[in-house]
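The block underneath contains the structure these notes are about, expressed in structure tokens.
The values are calculated or read from the model by the stated rules, or taken from the named source; none is laboratory data. A quick note: this is a predicted structure, and the numbers were derived from the prediction, not measured. No Cβ is skipped: glycine too gets one built from the backbone with ideal geometry, and neighbour counts run over all protein chains shown. Surface accessibility is based on the protein's heavy atoms, side chains included, excluding ligands, DNA and RNA. Shrake-Rupley method; radii C 1.70, N 1.55, O 1.52, S 1.80 Å.
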Amino acid sequence: MRHGALPFGSLLLALALWQLLAASGTWSETLVPPPARVWDAFVDVSTTHDGVRGYNGTYLIEHLGISLRRIAIGAGVGIALGVLFGLLMGTVGWMRSLFEPWITFLRTLPPLAYFSLLVIWLGIDEEPKVTLLAMAAFPPVAVSTTTAVAAVPTSLVEAARALGASRWDVVRDVVVPSALPETLTGVRLAVGVAYSSLVAAELVNGLPGIGGMVKDAANYNNTPVVLVGIIAIGVSGLIIDGLLLRLERAVVPWRGRA
């Protein structure tokens, strides 16, 4: 009960502080709308009102679903490539020396730094958005997997080889299980980075899409809809991270245990 009461209590406290701040008159309702206005905006973008279907003809759940599909495809490609490169760089020294500087270079770049270039190369449809999310998700997984593979105890590898295991058997039965906990941590980080890049990915031709909705509403100073979009992104991100955490506990139940 305590684990459930604490988050619920913090939510109520945040709502109370938000209401007090909005009612204080320090800022106008355009800048800090009260929770009731944000709730009304949530209802408006989730239903048909005055003949208008959601926001820009699309319901909130549909905006969110389209963005989640982009994240699933983009982050999925980035995570798959990250795991592959991590295994190769962790087991082959010259490949780590060759690719690690480029991955570090990519990891330090903010998404907006190369999104315009992706638009020039790939157009304004789905390709630059998915590519941006893949490029954002790739480095965390590659780095975490490389580090985990390089940290596999040499004694385990030598014991497997002494028992007649081939190089592929060592990778499959020793390296991958040993590196899996850190790799899954990198996957969680990659999904978080992809989420933080979502609005940037949907800056151009992002409607329908939750990031595009936030950007379009911001252009018209529609702060309640902006907050609805931000909250939707945050809540869906919390749910997905919780699912990934449950997956991690199921796949590597030994993590954190002696």
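When we screen Phe105, Phe115 for residues that are touching a Leu at 6+ places or on another chain (Cβ under 8 Å) and at pLDDT 85 or above, the only hit is Phe115. Consider Gly206 carefully, then state whether it is outside any helix (DSSP H, G or I) and either in contact with an Asp or Glu (Cβ under 9 Å, 6 or more places away or on another chain) or free of Cβ contacts under 8 Å to residues at least 12 places away in the same chain (or both). So Gly206 passes the test. Here is a check on your reading of the model: is Gly192 open to solvent by less than 10 Å² (accessible area, probe 1.4 Å) and at pLDDT 85 or above? So Gly192 fails the test. Just one of the listed residues (Leu20, Leu31, Leu87) is open to solvent by less than 70 Å² (accessible area, probe 1.4 Å) and either in contact (Cβ under 8 Å) with a residue 24 or more places away in the chain or not polar (S, T, N, Q) (or both), and it is Leu87. In a residue-by-residue description of region 152-159, the property of being open to solvent by less than 40 Å² (accessible area, probe 1.4 Å), part of a helix (DSSP H, G or I), in contact with a Pro (Cβ under 9 Å, 6 or more places away or on another chain) and among the hydrophobic types (A, V, I, L, M, F, W, C) applies to no position. Going by what's in this entry, would Pro177 be described as in a helix (DSSP H, G or I) and in contact with a Lys or Arg (Cβ under 6 Å, 6 or more places away or on another chain)? Answer is no for this residue. There is at least one residue in region 113-130 that is under 27 Å from Gly65 (Cβ atoms), not in a helix (DSSP H, G or I) and not acidic (Asp, Glu).
Only a single item in (1) touching a Ser or Thr at 6+ places or on another chain (Cβ under 9 Å); (2) under 29 Å from Val191 (Cβ atoms) is not met by Thr146, and it is number (1).
The set of residues in region 36-53 being assigned to a helix (DSSP H, G or I) and more than 19 Å from Val214 (Cβ to Cβ) consists of Ala36 alone. Within the set Ala162, Ala151, the sole residue that is free of Cβ contacts under 8 Å to residues at least 40 places away in the same chain and over 34 Å from the mean Cα position of the chain (by Cα) turns out to be Ala162. Taking the residues in region 97-121 that are over 12 Å from Thr131 (Cα atoms) and of a type in the set (Val, Ile, Thr) as candidates, determine which candidate is least open to solvent (accessible area, probe 1.4 Å). That would be Ile103. If you take the residues of region 49-96 that are among the polar types (S, T, N, Q) and at pLDDT below 90, which of them is nearest to Leu198 (Cα to Cα)? Of everything passing the filter in region 49-96, Asn56 is nearest to Leu198 (Cα to Cα). Being of a type outside the set (Gly, Ala, Ser), modelled with pLDDT under 90, in contact with a helix residue (DSSP H, G or I) (Cβ under 9 Å, 6 or more places away or on another chain) and closer than 17 Å to Leu81 by Cβ is a condition met by at least one residue of region 165-179.
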